[in-house]
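In what follows, a structure is listed as C-alpha cells, so that the remarks can point back to it.
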Amino acid sequence: AMEAGGCRYQFRILLLGDAAVGKTSLLRRYVGGALGTLAPAPEAELQSEPTVGVEFYSRLLQLGAGRWVKLQLWDTAGQERFRCITRSFYRNVVGVLLVFDVTNRKSFEHIPHWHQEVVATQGPDKAIFLLVGHKSDLQNTRCVSAQEAEELAASLGMAFMETSAKNNCNVDLAFDTLADTIQQAL
Ligand code: GDP
Ligand code: MG
C-alpha cells in the first residue's frame, strides 16, 4: 500500500506546524545529535532548495538487524508562516511529524489544518503521522495538556509524543517511532 517514496529504504518525511514551534531545532537536534546513538555512521548533510523554500537533511537509521533506511527529512524554512505550503512539497511523503508548541495554544489548534493540508493533497491513509508536543521543558508555561493532545491524536488516528530539543528529550524516539510505524505499514 505504501509505495509512495519510491525506494523502499528511503523514507521522505516532513516536519509541519506553525512557525516558531521548534521544527528546525528538532530536526537539527536529531541529525546533529546522532553520534553514538542509533546510527554509527550518520549521514547528516544540509541541502537546500531555495526556489521552493524548503530544506532537507538526511540520516541513516537502523531499523532492526541489518536493515538500514535513509530518512530524508524536509523542513519548511519559513513558508509555514503563510500556513500554505507548495503542494508539490507533499508529494511522495510517507511520514509527517505534526509539531506544535506546548506553550502555544494556537499552534495546537492549527494541527488539524496541517493534517488536512497533507490529506487533501495526497488522499487519506497515505502518509503516517505522529503528533509532537514540543518544548516539553517549558512545564511552567505550558497551556496544552498531554491529555487533550492524546485525544486529538486519537481522533486523527495517530500517536502522540512530547519532545524537547533543549533537553534532548524524546528527539530520537520521535523520529524512530515514525520510521518504525512507516516500515510496519509497508
Ligand atoms: P520553527 O520555526 O518551527 O523551525 O522553530 P525554530 O526551530 O526556529 O525554533 C523557534 C524558537 O523556539 C527558537 O527560539 C528556539 O530556540 C526555540 N526552541 C526550539 N526548540 C525548543 C525546545 O525544545 N525548548 C525550548 N524552550 N525552546 C525551543
Ligand atoms: Mg524553521
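State whether one or more residues within the range 167-182 are assigned to a loop (DSSP other than H, G, I, E, B) and open to solvent by less than 50 Å² (accessible area, probe 1.4 Å). Scanning the range 167-182, I find no residue that is assigned to a loop (DSSP other than H, G, I, E, B) and open to solvent by less than 50 Å² (accessible area, probe 1.4 Å), so the answer is no. Tally time: how many residues in the range 139-163 are more than 16 Å from ligand 2 (Cβ to nearest atom) and buried (at least 16 other Cβ atoms within 10 Å of the Cβ)? Residues meeting the conditions: 11. Collect the residues in the range 91-112 that are assigned to a helix (DSSP H, G or I) and open to solvent by 10 Å² or more (accessible area, probe 1.4 Å), keeping them in residue-number order. Of everything in the range 91-112, those that are assigned to a helix (DSSP H, G or I) and open to solvent by 10 Å² or more (accessible area, probe 1.4 Å) turn out to be Arg105, Lys106, Phe108, Glu109, Pro112. Out of curiosity, is Phe89 over 22 Å from Gln184 (Cβ atoms) and either within 16 Å of ligand 2 (Cβ to nearest atom) or in contact with an Asp or Glu (Cβ under 6 Å, 6 or more places away or on another chain) (or both)? Yes. What tally of residues in the range 73-129 results from selecting those that are within 16 Å of ligand 1 (Cβ to nearest atom), more than 21 Å from Cys143 (Cα to Cα) and modelled with pLDDT under 95? Selection size over the range 73-129: 15. Can you find even one residue in the range 59-68 that is open to solvent by 20 Å² or more (accessible area, probe 1.4 Å), away from ligand 1 (no atom under 16 Å from the Cβ) and touching a Gly at 6+ places or on another chain (Cβ under 8 Å)? No, because not a single residue in the range 59-68 is open to solvent by 20 Å² or more (accessible area, probe 1.4 Å), away from ligand 1 (no atom under 16 Å from the Cβ) and touching a Gly at 6+ places or on another chain (Cβ under 8 Å).
Out of all the residues in the range 169-182, is one or more closer than 19 Å to Glu109 by Cα and within 16 Å of ligand 2 (Cβ to nearest atom)? Within the range 169-182, none of the residues are closer than 19 Å to Glu109 by Cα and within 16 Å of ligand 2 (Cβ to nearest atom).
The values are calculated or read from the model by the stated rules, or taken from the named source; none is laboratory data. What you are looking at is a predicted structure, and each value in this text was computed from that prediction instead of being measured. All Cβ positions, even for glycine, are placed from backbone atoms using ideal geometry, and neighbour counts span all protein chains on display. Just the protein is used for accessible areas: all its heavy atoms, side chains included, with ligands, DNA and RNA removed. Shrake-Rupley method; radii C 1.70, N 1.55, O 1.52, S 1.80 Å.
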